[in-house]
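Report on one structure; see the data block that follows.
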Amino acid sequence: MNYLNLSHNFLTNIEHLPWKSLQYLYLRSNLLKGHLPIPPPSVLVFSVSNNKLTGENPALICNSIFINVLDVSNNSMTGEIPPCIRNFSYNLLVLNMGLNKLHGVIPMTFSKGNSLRNLNLNGNQLEGFLSPSLLNCLWLEVLDVGNNRINGTFPYWLESLPVLQVLILRSNRFHGSIGSPKTTFPFQSLRIMDISNNEFCGILPEKYFENLMAMTNITYADKLKYMGENYYQDSVVVTLKGLLIDMEIIQTIFTTIDFSNNVSEGEIPQLIGKLKSLKGLNFSHNRFNCSIPSSLANLSNLEWFDLSSNELVGEIPQQLTNMTSLSMLNLSENRLFGRIPHGKQFDTFENKSYLGNLGLCGVPLSKTCSNNEAP
């Protein structure tokens, strides 16, 4: 037997597994307790996510040096990430240790020629800095280290990874300005970027938004495609229309940028209007003190748009009514003034989209713009 799937049951314990040729072992979504069960050395794909595993010795997994996929996410495992993980470099494609109670630093030093495609450490208590050795992961598509205590400045060196599509740095202790790109085509494959809830400051560089090629070109497909392989589907948690959504599968056409809850200031880059495949854009809770760029009207695929809690001034550009895919708009708590645009999607938004802008008038607000306009 080389394939065994016992997922989605009520198993509480897994004892010795005798099969010496077992390659695929799925134990996810059970009630397994105690230490991490150790698969036979022959196993290539091992998933034991969504259980109740505890213990401080995930290093026992290091016997499985040929493993391709290791998913121990959503448990209660403690301790540090075992340094021996680096020994998996050449074979390991997916490492998902998210949603546990791991602490310490990220010890991994990946050597050149490794095959890592997905690294997910989201939702732990990890500290320290991101290792520049991630530059050796030329096949890395997903990097998710959100919801930890990682420190440091913006890891600009990640921009040169050729196939990086998902970058999640949300809710850490990153700080400082993002700075200008150091390569000609930074983040050329990036489609999901979430750096929210940090302390990034300063002015956003225009050049980053000039060459985000995967967000610029609108792609149409005969059928939906998803990230990952047949043996493992990539997943990610994103803020979608104001709600945290666990996307258990990621469509290859899904694109979003979330820079919310930082201290960025100055102007919103005009070149963001080039990112025509964007589905979501969130710059809320920053210190932008400019007018809303009319170039954002070119975002014809945008479905949710949040600029709330900034210091934006001026009128809302009438051109934004051309954003015909927009279903959620939040411009509240700014310093906008003038008449609210009418037409198309803007006729569907309610008062809450504009609250806290004392200078705005017109429907849907009760404040009229002239004596001749009915409330």
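Counting only residues that are in contact with an Asp or Glu (Cβ under 9 Å, 6 or more places away or on another chain) and in contact (Cβ under 8 Å) with a residue 40 or more places away in the chain, region 151-173 holds 4 of them.
Taking the criterion of being among the hydroxyl-bearing types (Ser, Thr, Tyr), under 23 Å from the mean Cα position of the chain (by Cα) and farther than 15 Å from Thr256 by Cβ, the residues of region 299-345 that qualify are Ser300, Ser308, Ser309.
Got at least one residue in region 52-64 being in a loop (DSSP other than H, G, I, E, B), farther than 17 Å from Asn124 by Cα and of a type in the set (Asp, Glu)? Full working, then the answer.
Start the filter on region 52-64 by keeping residues that are in a loop (DSSP other than H, G, I, E, B), which leaves 54-57, 64.
Narrowing further to those that are farther than 17 Å from Asn124 by Cα: 64.
Checking the rest, the ones that are also of a type in the set (Asp, Glu) come to none.
No, region 52-64 contains no residue that is in a loop (DSSP other than H, G, I, E, B), farther than 17 Å from Asn124 by Cα and of a type in the set (Asp, Glu).
Give the residues of region 116-135 that are surrounded by 17 or more Cβ atoms within 10 Å (Cβ to Cβ) and either under 25 Å from Leu212 (Cβ atoms) or modelled with pLDDT under 95 (or both), sorted by residue number. Spell out the reasoning first.
We begin by selecting, within region 116-135, every residue surrounded by 17 or more Cβ atoms within 10 Å (Cβ to Cβ); these are 116-124, 126, 130, 134.
Matches in region 116-135: Leu116, Arg117, Asn118, Leu119, Asn120, Leu121, Asn122, Leu130, Leu134.
If I ask for residues that are polar (S, T, N, Q), within 22 Å of the chain's Cα centre (by Cα) and in a loop (DSSP other than H, G, I, E, B), which ones from region 262-298 would you list? Walk me through how you get there before you give the answer.
The first filter runs over region 262-298 and keeps only residues polar (S, T, N, Q), leaving 262, 264, 270, 277, 282, 284, 286, 289, 291, 294-295, 298.
Applying the additional criterion that residues be within 22 Å of the chain's Cα centre (by Cα) yields 262, 264, 277, 282, 284, 286.
Hits for region 262-298 are Asn262, Ser277, Ser284, Asn286.
Ser260 passes every criterion in (1) closer than 27 Å to Tyr156 by Cβ; (2) touching a Leu at 6+ places or on another chain (Cβ under 9 Å); (3) touching a residue at least 60 places away in the same chain (Cβ under 8 Å) apart from (2). Would you confirm whether or not region 185-205 contains a residue that is surrounded by fewer than 17 Cβ atoms within 10 Å (Cβ to Cβ) and in contact with a helix residue (DSSP H, G or I) (Cβ under 6 Å, 6 or more places away or on another chain)? Yes, region 185-205 contains a residue that is surrounded by fewer than 17 Cβ atoms within 10 Å (Cβ to Cβ) and in contact with a helix residue (DSSP H, G or I) (Cβ under 6 Å, 6 or more places away or on another chain).
Of the residues in region 85-94, at least one is crowded, with 16+ Cβ neighbours inside 10 Å, out of contact with any Pro (no Cβ under 7 Å at 6 or more places or on another chain) and closer than 22 Å to Asn30 by Cβ. The conditions of being crowded, with 20+ Cβ neighbours inside 10 Å and touching a His at 6+ places or on another chain (Cβ under 8 Å) are met by Asn262. Do the conditions hold for Gly179, that is, is it more than 29 Å from Gly113 (Cβ to Cβ), in contact with a helix residue (DSSP H, G or I) (Cβ under 7 Å, 6 or more places away or on another chain) and touching a residue at least 24 places away in the same chain (Cβ under 8 Å)? Criteria met by Gly179.
Determine whether region 229-242 contains at least one residue that is among the hydroxyl-bearing types (Ser, Thr, Tyr) and in contact with a helix residue (DSSP H, G or I) (Cβ under 8 Å, 6 or more places away or on another chain).
Just the residues of region 229-242 that are among the hydroxyl-bearing types (Ser, Thr, Tyr), to begin with: 231-232, 235, 239.
So of that shortlist, the ones also in contact with a helix residue (DSSP H, G or I) (Cβ under 8 Å, 6 or more places away or on another chain) come out as none.
Among the residues of region 229-242, not one is among the hydroxyl-bearing types (Ser, Thr, Tyr) and in contact with a helix residue (DSSP H, G or I) (Cβ under 8 Å, 6 or more places away or on another chain), which makes the answer no.
Of the residues making up region 91-113, those that are modelled with pLDDT of 90 or more and either more than 25 Å from Glu229 (Cα to Cα) or of a type in the set (Lys, Arg) (or both) are Lys101, Leu102, His103, Gly104, Val105.
The values are calculated or read from the model by the stated rules, or taken from the named source; none is laboratory data. None of these values were measured; they are calculated from a predicted model. Using ideal geometry, Cβ is built from the backbone for each residue, glycine included, and neighbour counts are taken over all protein chains shown.
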